[in-house]
Amino acid sequence: MNSKLRRYKVCLCQNVLTALLIGATTLYAAEASSQDGKSILRKIDENLSSRNQIAESSMTIHGRRSSRTITAKSWTEGDQKSFTEYLSPASEAGTKMLKLRGQLWIYTPAADRTIQISGHLLRQSVMGSDLSYEDMMDDRKLSDVYDVNITGRDTLDSRDVIILELTANVNDIAYYRQKMWVDSERYIPLKQEMYAKSGQLLKRAEMKNIKRVENRWYPSLVIYKDMLKEGKGTEFRTNTISFDQQIPEHIFSKASLR
Amino acid sequence: MKRFLLKGVIKDKGRSLLPIIVVATGTMLTVVMYSWLTGIMGDSIRMNANFNTGELKVMTKAYAADADQFPNDLAILDADNLLTELKAFEPGVDWVKRIRFGALADFPDANGETRGQAPAIGWAVDLFSKESKEAGRFNLQESIVKGGMPANAGEVLISDELARRFDIKPGDTFTLFGSTMDGGFAFYNLKVSGTLLFGATGLDRGAIVMDIADAQKAFGMEGACSEILGFLPDTYFNSEKALAIKTRFNSQPTLAQNEDEFAPVMITLRDQAGMAEMVDYTDFVSGLMVFIFVSAMAIVLWNGGLLGALRRYSEFGIRLAMGESKGHIYKTLLFEALLIGTIGSIFGTVIGYSIVLYINIHGVDMSGMMQNSTMVMPSVMRTAITPTTYYIGFIPGIFSVILGNALAGIGIYKRETARLFNELEV
């Protein structure tokens with residue numbers, strides 16, 4: 001009887017140890033994947049984020065009836081301040097947009113008014129494009145607002161990519177979940193899918209013309225597609241960009257809107 | 001014989017006066033009730049048509065697919081040309097251009113910066129042309145609470161609720177912020193000429209009514225419009241006529257095979273969200289009410305016929321005793337009922353029609369009862385005058401009297417000649 005009981009105890013101990021070993025291994029693997037994912041996300045941030053930047057861009061909006069291109073110059077400092085002046089077409093020239101710590105103002109010379117954009121309006125499209133004010137405003141680093149997991153590897157546009165799944169760890173974010181195809185050598189996303197918490201695909205972005213700018217890789221063309229509306233998407237081209245410049249403080253003030 | 005019976009009905013007031021009064025009263029009530037119910041429901045449909053749906057509406061096919069979102073990027077581009085074509089196509093219809101928009105009304109402080117904002121739903125209509133009936137369709141003059149109608153370009157009417165919320169008075173300015181037709185920023189400064197109270201919460205929350213030329217400038221829609229609305233000359237929506245025009249327009253060879261998503265397409269009031277149900281419900285309710293009322297009147301008049309036949313029990317006995325056939329007596333009874341029903345119905349319809357006409361012209365102000373109404377309904381109720389008004393009263397007026405007499409007269413056939421003299425002695 002005693003020997004039977006001893007054998008049973010030994011067997012039980014062995015099973016528990018095996019289960020603990022498997023669990024620990026799985027947890028370690030998941031942690032390792034998360035750790036690797038986090039380091040990939042940091043490398044992406046090193047490419048895309050900077051202390052400040054000055055860029056000239058053009059945005060081509062492909063509507064159902066016609067396409068039009070808007071050019072703009074923007075000054076950005078960290079993730080709290082940015083100022084954009086629209087240069088063309090003539091109907092938009094002189095329109096300025098200022099972001100200061102989560103607040104957004106637009107000035108237009110046509111009406112000579114400064115209007116604050118807030119609330120649900122931030123989710124509206126900017127100039128009929130596939131980008132919302134929220135998209136334009138959110139300059140936070142991905143590693144600060146998303147938890148990440150590596151879900152696979154693939155090839156995209158002849159480049160080896162790591163597939164990441166990002167889940168938001170903050171509440172004030174436009175996209176709760178993202179799927180990202182990241183160039184495994186340059187650490188730059190080549191494709192992004194943005195999802196709502198419900199799982200609905202909201203937007204898709206494709207990064208093209210990846211170039212070496214200063215000491216980083218940067219996509220000079222991003223094609224955005226709002227999946228909830230018809231149309232052929234919006235092409236956002238960065239024509240010139242320079243990082244870590246001296247930007248006068250007065251640029252980021254409401255006085256510079258007029 | 002017929003003339004003899006007519007003389008009898010006219011001269012023997014004991015036989016005809018009370019039945020004629022009863023028939024006339026029933027007929028009058030039927031006419032008034034029918035016209036009142038039809039009028040109230042018809043006015044609600046008319047108000048929706050005036051504000052939103054028209055009786056006919058022309059849009060681009062692409063716009064029509066998402067019309068409730070006012071997708072002005074899909075609007076009609078060469079609106080004046082299409083308007084001319086529509087006027088030639090169906091001259092009897094009043095065709096008007098409209099721009100519908102959703103935008104943000106931004107009220108500035110003394111420094112020109114945002115003091116307050118509210119979403120607004122806008123109607124841009126022809127306010128300044130002499131021949132335009134649009135101000136009347138929106139009942140603007142009567143709905144103004146403060147200030148007056150826009151007199152110049154750049155002047156608009158805003159809902160009184162919006163004005164009170166942001167302490168806006170006539171003469172103050174605000175900026176309309178939205179999207180131009182091609183998706184750009186639309187900023188347009190406007191001056192408030194007056195404030196409006198339509199009496200319907202949905203409209204009064206944030207309505208803006210402006211001239212279409214201002215909206216075209218504001219939203220970069222020069223030469224364009226969201227939709228062209230058509231109003232038939234009939235007082236109340238004529239579903240068959242609207243459907244016939246729509247079918248004829250959409251089946252034109254240039255349009256029927258046109259796969260361009262920006263080609264114009266015509267729809268009727270019934271095709272628009274919730275309106276078919278509202279039209280059908282109106283028909284059902286007015287039909288049901290008329291049926292209930294007519295049935296009730298028929299019972300009253302049938303009873304009158306029964307009483308009349310019973311009162312003439314002795315008369316029929318004498319006539320039978322004198323050798324008149326039962327069938328002949330029954331026929332004369334029915335013919336007299338027809339005469340009484342007709343005379344009563346004519347009197348009742350004339351009196352009822354006079355009341356209906358008076359209410360149709362002057363209306364009944366119900367605004368005091370509708371202060372918290374959320375429906376798009378007019379505050380002044382009117383009766384409707386339709387072809388049915390002229391004959392609806394004859395249904396209970398004639399048929400119920402004949403039916404009453406026919407049933408009561410069956411008793412004639414049960415009389416036995418052998419017992420007639422005994423009955424007459426009594």
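Here, each number is a calculation from the coordinates, and none is a lab measurement. It should be emphasised that the depicted structure is a prediction, and the values quoted were computed from it without experimental measurement. FYI the Cβ positions are ideal-geometry reconstructions off the backbone, even for glycines, and counts take in every protein chain you see.
Some points to look at:
- A convex hull fitted around the alpha carbon atoms of the protein assembly as shown yields 319 Å³ per residue.
- Residues A:Q200 and B:Q141, FRET efficiency given R0 of 30 Å [Cβ-Cβ distance, rounded to 0.05]: 0.05
- 37 °C / 0.692 mPa s Stokes-Einstein diffusion coefficient of the stretch A:206-258, Kirkwood radius on C-alpha pairs, µm²/s: 234 µm²/s
- Measure of compaction for the stretch B:150-204 (Cα Rg per 2.2 N^0.38 Å): 1.24
- Of B:F4, A:F83, the sequence from fewest to most neighbouring Cβ atoms within 10 angstrom is B:F4, A:F83.
- Think of the stretch A:98-143 as having a plus end and a minus end, set by charges on the Cβ of Lys, Arg, Asp and Glu; of A:A110, A:G128, A:L142, A:L142 sits farthest toward the positive end of this dipole.
- Degrees between helix B:275-311 axis and first principal axis of chain B (Cα, 0 to 90, nearest 10): 20 degrees
- Restricting the calculation to alpha carbons of the stretch B:1-78 gives Rg and Dmax of 26.9, 77 angstrom.
- In degrees, nearest ten, helix B:239-250 long axis to first principal axis of chain B (Cα): 40 degrees
- Taking the centroid of alpha carbons for each part, the stretch A:210-258 and the stretch A:132-204 are 18 Å apart.
- Where only alpha carbons of chain A are counted, the Rg and the Dmax (Å): 23.6, 96
- Largest first and in whole Å, the equivalent-ellipsoid semi-axes of the stretch B:56-231 read 27, 19, 14, each the square root of five times a Cα gyration tensor eigenvalue.
- Cleavage-rule hits, GluC sites (Glu not before Pro), the stretch B:124-203, DSSP coil, Cβ neighbours within 10 Å at most 10: B:E131
- Charges were assigned to the Cβ only: +1 to each Lys and Arg, -1 to each Asp and Glu. The resulting dipole of the stretch B:56-231 about its Cα centre is roughly 340 debye.
- Value at 222 nm in deg cm²/dmol, rounded to 500, when DSSP H runs of n ≥ 4 in chain B each add -39,500 (n - 2.57): -16000 deg cm²/dmol
- From the C-alpha gyration tensor of chain B, square roots of 5λ in Å: 62, 24, 15
- Crossing angle, helix A:2-48 versus chain A [Cα axis fit, 0-90 degrees, rounded to tens]: 20 degrees
- Mean separation of Cα pairs under 8 Å and 6 or more residues apart, divided by the residue count, gives the stretch B:56-231 a relative contact order of 33 percent.
- Take each residue in B:72-78, count the other chain C-beta atoms within 10 Å of its C-beta, and the mean is 2.
- For the protein assembly as shown, the antiparallel share of DSSP beta bridges with both residues in that region comes to about 90%.
- Spin-label model, B:N152/B:I121: points 7 Å from Cα along the beta carbon direction are separated by 3.2 nm.
- Rg to Rh quotient for the stretch B:79-118, alpha carbon positions, Kirkwood Rh: 1.43
- Full-extension gain in nm, A:R123 to A:T69, via 0.36 nm per residue minus C-alpha separation: 17.3 nm
- Theoretical ellipticity at 222 nm over chain A - DSSP helices of four or more residues, -39500 (n - 2.57) apiece, nearest 500: -7500 deg cm²/dmol
- Projected-area average for the stretch B:37-125 over all orientations - Cα convex hull basis, square nanometres: 8.9 nm²
- Theoretical FRET efficiency, 1/(1+(r/R0)^6), r = Cβ-Cβ of B:H328 and B:Q69, R0 56 Å, to 0.05: 0.15
- Here the contact order of chain B, divided by its residue count and restricted to Cα pairs under 8 Å and six or more residues apart, works out to 28 percent.
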